[in-house]
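The values are calculated or read from the model by the stated rules, or taken from the named source; none is laboratory data. All of these numbers come straight from a predicted model, not from anything done at the bench. Note that each Cβ is placed from the backbone with ideal geometry, even for glycine, and that neighbours are counted across all protein chains shown.
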Amino acid sequence: MSTFKAKIYSAEIVFTHPPPSLRQFAQDLDITPESPFGIEQDSWGARDSLEIWFQRIDGQKLTLHIQRAHFKRNETYIKDLQSFFDEADALEYVERVEVK
């Protein structure tokens with residue numbers, strides 16, 4: 001993957017068949033849900049210095065918007081972002097991660 005900058009990213013996660021539940025995906029990547037009901041469509045979660053919005057799921061695809069958490073350093077955000085994308089791509093049910 002290319003070198004990241006400290007900006008907001010969108011990522012499309014393409015799953016193999018069958019796709020996992022949003023809750024399973026979030027749990028496997030240690031994403032803490034903002035809501036006590038867990039990760040759902042159009043909800044927020046956090047992991048390290050990342051704030052992640054689960055915008056939509058369309059069959060085999062999930063769109064995430066990722067931004068730096070308040071009061072976190074840019075260098076930490078970039079490191080956490082790279083780690084998150086590497087770990088997501090390594091999940092057995094993820095076909096590919098497309099970062100925009």
Item to check | Considering residues of the range 26-39 that are of a type in the set (D, E) and surrounded by 14 or more Cβ atoms within 10 Å (Cβ to Cβ) only, the residue nearest to the chain's Cα centre (by Cα) | outcome: D28
Checklist entry - So which residues in the range 1-34 are among the hydrophobic types (A, V, I, L, M, F, W, C) and part of a helix (DSSP H, G or I), if there are any at all? => result L22, F25, A26
Checklist outcome for this item: Among (1) charged (D, E, K, R); (2) at pLDDT below 95; (3) exposed (fewer than 14 other Cβ atoms within 10 Å of the Cβ), E92 falls short only on (2)
Checklist entry - Restricted to the range 1-25, and to residues that are within 13 Å of the chain's Cα centre (by Cα) and within 14 Å of H65 (Cα to Cα), which residue is surrounded by the fewest Cβ atoms within 10 Å (Cβ to Cβ)? => result I8
Checklist entry - Is it the case that some residue within the range 56-73 is within 18 Å of T3 (Cβ to Cβ) and buried (at least 19 other Cβ atoms within 10 Å of the Cβ)? => result yes
Next on the checklist: Considering only residues that are modelled with pLDDT under 95 and basic (K, R), which ones fall in the range 8-51?
Outcome noted: R23
Checklist outcome for this item: Pairing a residue in the range 32-49 that is free of Cβ contacts under 8 Å to residues at least 60 places away in the same chain and small (G, A, S) with any residue that is surrounded by fewer than 19 Cβ atoms within 10 Å (Cβ to Cβ) and in a loop (DSSP other than H, G, I, E, B), where Cβ atoms lie under 6 Å and the two sit 6 or more apart in sequence or on different chains, gives S43/S35; S49/A69; S49/K72
Checklist entry - When both residues are 6+ apart or on different chains and their Cβ atoms are under 7 Å apart, which pairs have a first residue that lies in the range 1-27 and is under 13 Å from Q60 (Cβ atoms), and a second that is part of a loop (DSSP other than H, G, I, E, B) and of a type outside the set (F, W, Y)? => result V14/Q60; F15/Q60; H17/Q60; P19/Q60
Checklist entry - Which of the residues spanning the range 35-47 are in a loop (DSSP other than H, G, I, E, B) and out of contact with any Leu (no Cβ under 9 Å at 6 or more places or on another chain)? => result S35, P36, F37, D42
Next on the checklist: Given the criteria within 19 Å of E98 (Cβ to Cβ), out of contact with any helix residue (DSSP H, G or I) (no Cβ under 7 Å at 6 or more places or on another chain) and outside any strand (DSSP E or B), does Q82 qualify?
Outcome noted: yes
